[in-house]
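Accompanying notes for the structure given below.
The values are calculated or read from the model by the stated rules, or taken from the named source; none is laboratory data. Predicted model, so just to flag it, every value in this text is computed and none were measured. When we count neighbours, we look across all protein chains shown, and the Cβ atoms used for this are built from the backbone with ideal geometry, even at glycine. Protein only, heavy atoms only, side chains kept; ligands, DNA and RNA dropped before computing areas. Shrake-Rupley method; radii C 1.70, N 1.55, O 1.52, S 1.80 Å.
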Amino acid sequence: MAPQLLYNMQPHQPSNQSTDIDLFELLGRLMRFFGRHAVWFLGASIFGVLVGFVAFKIKDKEYRSNMVATSHSLPDGRIIEIVDDLNQLITDQDYPRLAAALGLTVDQARLINDFEVTSFYEMEKKTKKLNDDKMELKESSTFKLNASVKDTALFAPIARGIVSCLTNNTYAQEQLKTHKKALMVQLGEIEHRIKLHDSLRQVMEDHLRNSRGSIVISNDLSTSQTVVFELESKRAGLNQELERLQEVRVIKPFTIFKKSRWPKLSISASIGFLIANICTILGILILGPRFRKQ
């Protein structure tokens with residue numbers, strides 16, 4: 001009795017063979033289930049893919065692109081704040097104010113999904129594949145603006161609108177005006193110095209002709225001509241800077257891609273396929289017994 005009792009008290013170890021049998025049995029049941037209702041699943045699959053295709057066609061498309069620009073007065077941090085305000089107008093669906101800020105029509109403003117600004121620091125970090133520990137955080141006037149729209153024809157008006165919005169910023173206008181004024185003052189001083197040297201050169205040339213030659217005057221005349229040449233070079237540089245001076249300069253315009261970023265046909269068709277088949281399974285499990293009773 002004792003050996004038999006001890007044998008009965010020992011815990012029975014689970015058998016891998018029974019587990020395998022149960023797994024194969026479950027797979028067999030699933031295969032038989034799908035086999036019995038193959039027609040329903042085939043029809044559901046075709047219907048789901050068609051619904052996904054139709055949804056892809058009628059759903060608003062999302063196109064994305066980016067432009068890179070540089071600002072004269074506004075650092076990238078301030079530009080991010082300005083664009084955040086534009087995004088808030090989109091979130092609030094305040095399209096009249098958004099249109100006014102960007103110089104667009106209200107209908108055009110409705111086609112904008114969102115904006116995203118990447119600072120020059122983040123661009124450099126991504127381009128050079130560096131960590132924050134290896135880079136020094138510095139403000140920059142260069143930024144990248146990502147735009148998401150429902151119509152690619154909107155990229156050009158958005159670019160003009162962003163340039164106008166930043167240019168019309170009160171702080172930016174004041175800074176630009178101050179810089180222009182400083183350039184004009186420098187140009188005025190250079191013009192005055194050039195006129196003085198021209199007058200002095202004329203006097204030295206007259207004196208040189210009347211005195212029948214003078215080494216000192218000749219050297220002074222040569223030096224004056226060199227100074228005038230340098231002043232004229234500076235004047236040309238300042239004039240060029242003044243002509244190019246503007247609040248926003250576009251470095252890389254938006255690139256228009258014909259293929260939408262979202263929705264994707266493969267994803268829409270897959271979702272339609274999956275939902276249709278799940279609904280079919282639930283329908284068979286719920287309604288199947290009722291049909292069998294009838």
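For the cross-link pairs Lys59/Lys264; Lys180/Lys252; Lys144/Lys180; Lys59/Lys144, the ones whose C-alpha atoms lie over 22 Å apart are Lys180/Lys252; Lys144/Lys180; Lys59/Lys144. Set the Förster radius R0 to 22 Å, insert the Cβ-Cβ distance between Thr170 and Asp84 as r into 1/(1 + (r/R0)^6), and round the FRET efficiency to 0.05. E(calc), rounded to 0.05, equals 0.80. On a per residue basis, the convex hull of the C-alpha atoms belonging to the stretch 23-97 measures out at 232 Å³. Working from label points 7 Å from Cα in the Cα-to-Cβ sense, the Lys252 to Glu25 distance is 6.3 nm.
How high is the FRET efficiency between Glu230 and His192 when r is their beta carbon distance and R₀ equals 22 Å, given to the nearest 0.05? It would help to have the intermediate numbers written out before the result.
Numbers: r = 15 Å, r/R0 = 0.68.
Efficiency, rounded to the nearest 0.05: 0.90.
Ligands, DNA and RNA excluded, the heavy atoms of Lys57 present near 120 Å² of accessible surface to a 1.4 Å solvent probe. About its Cα centre, the stretch 23-96 has a charge dipole of approximately 900 debye under the convention of +1 per Lys or Arg Cβ and -1 per Asp or Glu Cβ, with nothing else charged.
Once Rg and the Kirkwood radius are both taken over the C-alpha atoms of the stretch 27-70, their ratio Rg/Rh works out to 1.46.
Of the listed residues Ile190, Ile281, the order by accessible area with a 1.4 Å probe, largest first, is Ile281, Ile190.
3J(HN,Hα) along the stretch 239-251: 4, 5, 5, 5, 5, 8, 6, 8, 5, 10, 10, 7, 8 Hz, from the Karplus curve 6.51 cos²θ - 1.76 cosθ + 1.60 with θ = phi - 60°, whole Hz, x for Gly and Pro.
Computed from phi, the 3J(HN,Hα) profile of the stretch 181-188 under the Karplus parametrisation 6.51, -1.76, 1.60 (θ = phi - 60°) reads 5, 5, 5, 5, 5, 4, 5, x Hz, with x in place of Gly and Pro.
Potential lengthening of the chain between Lys259 and Ile278 amounts to 3.8 nm, from the contour at 0.36 nm per residue minus the alpha-carbon distance. With coordinates expressed along the principal axes, the C-alpha atoms belonging to the stretch 234-281 extend over 82, 17, 10 Å, beginning with the largest. With a simple spin-label model that places each label point 7 Å from the Cα along the Cα-to-Cβ direction, the separation between Leu285 and Glu122 comes to 4.4 nm.
Listed values for the stretch 32-44 are Karplus-derived 3J(HN,Hα) couplings in whole Hz (6.51 cos²θ - 1.76 cosθ + 1.60, θ = phi - 60°), namely 5, 5, 5, x, 5, 10, 4, 5, 5, 5, 5, x, 5, and x replaces Gly and Pro.
Ignoring any ligand, DNA or RNA, what whole percent of the accessible area of the stretch 68-127 comes from carbon and sulfur when the probe is 1.4 angstrom? Carbon-and-sulfur percentage of accessible area, whole number: 48.
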